[in-house]
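Readers should treat all values here as calculations from the given coordinates under stated rules, not as data from a laboratory. Treat the numbers as computed from the prediction; the structure is a model and nothing was measured. Positions of Cβ are backbone-derived with ideal geometry, glycine not excepted, and every protein chain shown enters the neighbour counts.
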Amino acid sequence: MNVPIEPESQSTQMPLEFTSEHESLKILGFWAFLATDFLLFSSLFAVYAVYQFRVGMSGPTPAQLFHLGPVIFETVALLTSSFTCGLAVYEMRHHRLKGTIIWLAVTIVLGAAFVATEINEFLGDIALHDTWHRSAFLSSFFTLVGTHGSHVTFGIIWALTLLIQLAGRGLTQVTTRKVYMFALYWHFLDIIWVFIFTVVYLSGKIL
Amino acid sequence: MSNILARLFPPKTRRPDEVVIEIGIILTMVFLVYILTSKKKWGWLWREWLTSVDHKRIGIMYLISAILMLFRGGVDALMIRSQLMVPNNHVLPVGQYDELFTTHGTIMIFFMAMPLIFAMFNLAIPFMIGSRDVAFPRLNAMSFWLFACGAALFNMSFLVGGSPNAGWTSYPPLTELAFNPGVGQNYYLLAIQIAGIGSIATGVNFLITILKMRAPGMTLMRMPMFVWTSLVTSALILFAFPPLTVALAMTMLDRLFGSNFFTITHGGMPMMYVNLFWLFGHPEVYILVLPSFGIFSEVVATFSRKRLFGYTAMVWSVLTITFLSYGTWVHHFFTMGAGPGVNAFFGVSTMLIAIPTGIKIFNWIFTMWYGRVRTPVAMLWALAFIPTFVVGGATGVMLGAVVGDYQFHNSYFLIAHFHNVLIGGTVFGLLAGVYYWWPKTFGYKLDEHQGRWFFWLFFIGFWITFMPQYALGFMGMTRRLYTYPPGLGWSIPNLISTLGAFTMGAGFLVFVYSIRYSYKHGERDLSGDPWDGRTLEWSLPSPPPAYNFARIPVVSDRDAWWEMKQQNQTHVIRVNAQDVQPIEMPKSSSIPFLMFVAFFVFGFGMVFEWWWIAVLGGLGVVALLIAGTFDYEDHEEIHPETIRRIEGSLGRLQG
C-alpha cells in the first residue's frame, strides 16, 4: 500500500489548526481550561441544587418565577448557534474563508439574541422585585444562569475579534486554531445550557 | 474628601506599630527608586524582568516573592507567639491579634507556599524534561503577575483600609457584612480570587508542558519523580480551585451585592461555604505537599548515589493520593454533625491516605539503604523531613478518627498537626529544593556552613515550637485564642513554644544572611553538575542560557544524565559548530505586567466598592485580552551565530 499521499488528501487528514506544534498545544491547553471551567459550573450547579427550594420567607418558588416561553426561545437560539458554529468549522476545514466568516457571524447574531432574551428576562424579574436580595434560591439562580450568560457574552466579544482577524489574515494555522478553540468553547456553553435548561427550568417547573 | 480618607485609613491602620512599618515601607520604596534611577536600571528592570516570559526569570521572581512573603508571614507568627507567651497578656490589641492569625495563615498558604512551589516548577521542570520553555510562556508570565497582584492587594490591606480578620478559612456568617464591616474581608476575597486565576493558569501550563514537551525518548515512566508529582499537582490545581472560586465569589456577592448565599433568614446556609472551601482545601493540602515529595525523591536519590527505590510504586502512590484527596474534605468538620454514616466514610478515606504515604516513606528510606549517603544541606532537609512528617501523619490519623476528633477539633492539637505536616513536609521540601537547585539557578552554591546553622536552628526550633502545642491541645487550649488565665498548666508549654518560634526566626535570619553572603563569596558552580546529579538539568551549564538546550537530548533511560555519565556519553549534549540551527524562542511581552496593573485597579475598586475604579480596571483587563489576541509577533529567532558564541564561551562547542 505504497500509494503516495497527495497534498489535497493530506490536508483533509490533518486539519490546518493541528499542523503547527505550537497551535496544537494551545488546543490541548484549552481542553484543560474547559475541564476546570466545567468544574466551576459543577460547583454552581451543586449550590443551586441545594438552594432551589430554599426560598426564604417571602421569595417566589422556581415554579412561580420561571416562564418557559423565553427560555425555549433562548434554547432554540443557542442550540442553533451551536449548529451554525459547527458549520463555520466545516467551512474552515474546506478552506472556504467566506463561508467561515458568514456562519461565524450568524453564530454571533444568535448568541446575541440569546443574551438579549436572558437580560430581558432578568430585568422582568427585577421589575417584580424578584432580585437576589430576596432568597438563597434567587441568589443561586441568578449566579448560575448569570455566569453562563456572561460566558456567552465573553464568547461574542471573542468571536468578533476573530471575524476581524479572519478578514485581515485569512485562514492560517493561527486563525484556524483560534476559530477551532472558539468552537470548542461555544459547544461547551451549549452543553452547560442543556444542563441549565434541565436542572433549573424544567425541574423547577415540574418538581 | 475626609470621607474617602476615613475609609482608606480607619483607626485600625493607625496603630503605632503599623505607622512605623508604613514609614519603613515608604522609605524603602524611595530608596529603591533612588537606586534604580541613579544606576539607570529602569530599562534593565523593564526589559529583563518585568516583561520577561523566560521561565527561569519568572521562577526567580516567584522565589524572591516567596521569601519576602515568608518574612511577612513569619513576623505575623512571631507576633502571635509573643501575645501567647505568658498568661493574661495584652501586648497586642484583640482586633490586631485576629488580623494577625488571619494574615499569617493566608499568606503562608497562598502567598508563600504556592509561589515557592511555582518557583520550583519554573526553575526545574523545563530542564528536567529537556525542553526550551513551558507550553505557554506568556501565560506563565501572566500567572506570575496575577499572583503578584493578589499578594500586593493582600499585603497592602493592613496599611490601607484594614486587614481581614476572620481566619484563613474565613467562614460565614462571621465574614458577612453585618458581622464584619469594613474592607478587610474584601481584600481577602479579591486577593485570593485574582491569585487563584493565576494558579489555575499555572496548572494548565505545566500539565500541558509535562504531557507534550518532553525530550524524545522520555516516556511517562522515565520522567524524574519531581516531574511526576508536578504533573499530578497541576491536575489537582485544575480540579480543586473551581470550588474555591465559587465559595469566594458567593461570599463576595453576599458582601458587596447583597445576595443571600449564607444568610439563614433568607434560606442561605453557612455550611455551604465550609463544604465548598474544603472541597478545595483538602486537595490543596496535597497540592502543597506532593511537589515536596518529588523534591525529596530527587534529593534522596542524588545524595545516596542510587536510583530511587520503588519508582513504580512511588508513581502509583502519588496517583492514589491524588484520587483519595477528593474524598476526604468532610474530615475538616466532623463536628458539623453529618451523622455517623457520613463521618465514618470520611474517617476511613482519611486514614486510607496514610497507606500510599507510608509506601513513599519506606521507599525513601530504602533508597538510602546501602547508598553512599552524603549530607549537604539539601539532604539534611530530606532527612529531617522523614521523622517530622511521620509524626505529623500519625497525628493526622488520630484526627481522622471521628470519635477522637470531637475532642481534638479546632484545638492546639490540630494546630500542631498541620504545622507538623506543612512545615515538616512542604517547607522542608521546598527548602531542600531551594538548596538543591540554587546553584543551577544562580551559578553559585549557598554557603554550606551557614546552611547548617539555618537548618539546625529551624529544625530544632520547629520541634520546640510545636510539640508543646500537642500537649496544649489535649489540655483544652483552642485555636485562635487571644489570651488565657494563669493556673491552667498552659503557661510553661506556651512559653516554650514561643521560644521555639523565635529560634526558627533566628534560623530565617541566618538564611537571609547566607543568601547575601553566598552572592558574593559562595562557591561558583563551573561544571553545571555540582552534586553529581542524575537528571537532565545537571547536563546544562549553571545558569543555563536563554534557550536551555542548544541540542535537545535524547533520553534512553530513567535518570538520563546519570546514564550518560556512566556510559561516557556526556559529549552528546555538546552541539557541533556546523550543526547549529536557529532556535525559535518566545518574545518578551508587556501584556502580563499590564495585566497586573489592570487587575490591581479592578481589585482595589472592588475592595472599596468604588465602582468606577473597578469598571476601569475591568475594561483594562478586557482591552489587554483583545490586544493579546491581535499580537501575532510573539516569537523571535535566536541567530545561530549567537548560539555558537554562547556555547563556545561555555566550552560546549564541538568542532
Among B:PRO541, B:PRO224, B:PRO356, whose Cα projects farthest towards the positive end of the dipole of the protein assembly as shown, with charges put on the beta-carbon of Lys, Arg (+1) and Asp, Glu (-1)? B:PRO541
Bin all alpha-carbon pair distances of segment B:153-211 at 10 Å intervals from 0 and give each bin's fraction as a whole percent. 22, 40, 21, 14, 3
What is the distance in Å between the Cα centres of segment B:618-655 and segment B:300-331? 36 Å
Would you mind telling me which residue in A:GLU21, A:GLU118, A:GLU91 has the biggest mean-square fluctuation in a Gaussian network model of chain A, where springs connect alpha carbons within a distance under 10 angstrom? A:GLU21
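At 10 °C and a viscosity of 1.306 mPa s, what translational diffusion coefficient does Stokes-Einstein give for the protein assembly as shown, taking Rh as the Kirkwood radius over Cα pairs? Give it in µm²/s as a whole number.
Details: Rh = 29.0 Å.
It comes out at roughly 55 µm²/s.
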How far apart, in nm, are two points set 7 Å out from the Cα along the Cα-to-Cβ line at A:SER58 and at B:TRP42? 5.9 nm
Give the separation of the Cα centroids, segment A:69-111 to segment B:542-603, in Å. 42 Å
Springs between alpha-carbon pairs under 10 angstrom, Gaussian network model over chain A: which of A:GLY29, A:GLY69, A:GLY170 fluctuates most? A:GLY69
Working note, chain A: Cα radius of gyration (Å, one decimal) and Dmax (Å, whole number) are 20.2, 76
Can you give me the long-range amide H partners of B:GLY268? Hydrogens built in the peptide plane at 1.01 Å from N, cutoff under 5 Å, separation of 5 or more residues or another chain. A:ALA136, B:THR263
In whole Hz, with x marking every Gly and Pro, tabulate ³J(HN,Hα) for segment A:84-90 from phi via Karplus 6.51 cos²θ - 1.76 cosθ + 1.60, θ = phi - 60°. 5, 5, x, 5, 4, 5, 4
Could you work out which residue, out of A:ALA127, A:ALA113, A:ALA46, moves most in a Gaussian network model of chain A, that is, has the largest mean-square fluctuation with Cα springs under 10 Å? A:ALA127
For chain B, longest principal axis from Cα atoms; helix B:640-649 axis from its Cα atoms; angle between them, nearest 10 degrees, is 90 degrees
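Sorted from fewest to most neighbouring beta carbons within 10 Å, what does the list B:HIS55, B:HIS331, B:HIS419, A:HIS67 look like?
Fewest to most other Cβ atoms nearby, the residues stand as A:HIS67, B:HIS419, B:HIS331, B:HIS55.
Quick check for me: using +1 on Lys/Arg Cβ and -1 on Asp/Glu Cβ, what's the dipole size of segment B:1-77 about its Cα centre, in debye to the nearest 20? Can you show the working numbers first?
Working: 11 positive and 6 negative charges, 46 e Å.
Magnitude of the dipole: close to 220 debye.
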With Rg from the Cα atoms and Rh as the Kirkwood inverse mean 1/r over Cα pairs, segment A:151-194 has an Rg/Rh of 1.03
Ratio of alpha-carbon Rg to the 2.2 N^0.38 Å globular estimate for segment A:116-161, to two decimals, please. 1.31
Quick check for me: using +1 on Lys/Arg Cβ and -1 on Asp/Glu Cβ, what's the dipole size of chain A about its Cα centre, in debye to the nearest 20? 120 debye
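Relative to the compact globular guide of 2.2 N^0.38 Å, what is the alpha carbon radius of gyration of segment B:500-619, as a ratio? The partial results should precede the final answer.
Details: Rg = 23.5 Å, N = 120, 2.2 N^0.38 = 13.6 Å.
So the Cα radius of gyration is 1.73 times the expected 2.2 N^0.38 Å.
Given R₀ = 22 Å, FRET efficiency for A:LEU207-A:LEU128 by Cβ-Cβ distance, to 0.05? It would help to have the intermediate numbers written out before the result.
Values: r = 22 Å, r/R0 = 0.99.
Efficiency, rounded to the nearest 0.05: 0.50.
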Please provide three numbers in whole Å: the alpha-carbon extents of segment B:165-317 along the principal axes, with the largest listed first. 62, 28, 25
For segment B:431-487, projected area of the alpha-carbon convex hull averaged over all directions, nm²: 6.1 nm²
Using only Cα atoms, what is the ratio of the radius of gyration of chain B to 2.2 N^0.38 Å? 0.96
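Which value, in debye to the nearest 20, gives the size of the charge dipole of chain B about its Cα centre, when Lys and Arg are +1 and Asp and Glu are -1 at the Cβ?
Working: 41 positive and 34 negative charges, 223 e Å.
It comes to approximately 1080 debye.
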Measure nothing but the geometry: give the 0 to 90° angle between the long axis through the Cα atoms of A:173-195 and the longest principal axis through the Cα atoms of chain A, rounded to 10°. 30 degrees
How tilted is helix B:354-368 with respect to the longest principal axis of chain B? Cα atoms for both, answer in degrees (0 to 90, nearest 10). 40 degrees
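What fraction, in whole percent, of alpha-carbon pairs in segment B:1-134 exceed 17 Å separation?
Working: 6512 of 8911 pairs.
Roughly 73 percent, once rounded to a whole number.
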How much length would be gained if the chain were fully extended between B:THR335 and B:GLU563, taking 0.36 nm per residue of separation minus their Cα-Cα distance, in nm to one decimal? 76.7 nm
Search the structure for amide H atoms under 5 Å from the amide H of B:GLU636, placed 1.01 Å from N in the peptide plane, and list their residues when 5 or more places away or on another chain. B:MET585, B:LYS587
In whole Å, what is the distance between the alpha-carbon centres of segment B:360-392 and segment A:143-185? 51 Å
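Could you work out [θ]222 nm for chain B from helices alone, using -39500 (n - 2.57) per DSSP H run of at least four and dividing by all its residues? Round to the nearest 500 deg cm²/dmol. Show your work: numbers first, answer last.
Details: 22 runs with 416 residues, N = 655.
It lands at -21500 deg cm²/dmol.
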Under Karplus coefficients 6.51, -1.76 and 1.60, residue-wise ³J(HN,Hα) of segment B:332-337 in Hz, glycine/proline x: 7, 8, 3, 6, 4, x
Ordered by residue, what ³J(HN,Hα) values in Hz, to whole numbers, does segment B:62-69 give under the Karplus form 6.51 cos²θ - 1.76 cosθ + 1.60, where θ = phi - 60° and Gly and Pro are x? 4, 4, 4, 4, 5, 5, 4, 5
Alpha-carbon radius of gyration plus Dmax, which is the widest Cα pair, for segment A:121-207 in Å: 17.4, 52
Would you compute the Debye intensity of segment B:379-468 from its alpha-carbon atoms alone, equal scatterers and no solvent, and pass along log10 I(q)/I(0) at q = 0.22 Å⁻¹ to two decimals? -1.02
Using 1/(1 + (r/R0)^6) with R0 = 51 angstrom and r between the beta carbons of A:ILE27 and B:ASN89, what's the FRET efficiency to the nearest 0.05? 0.30
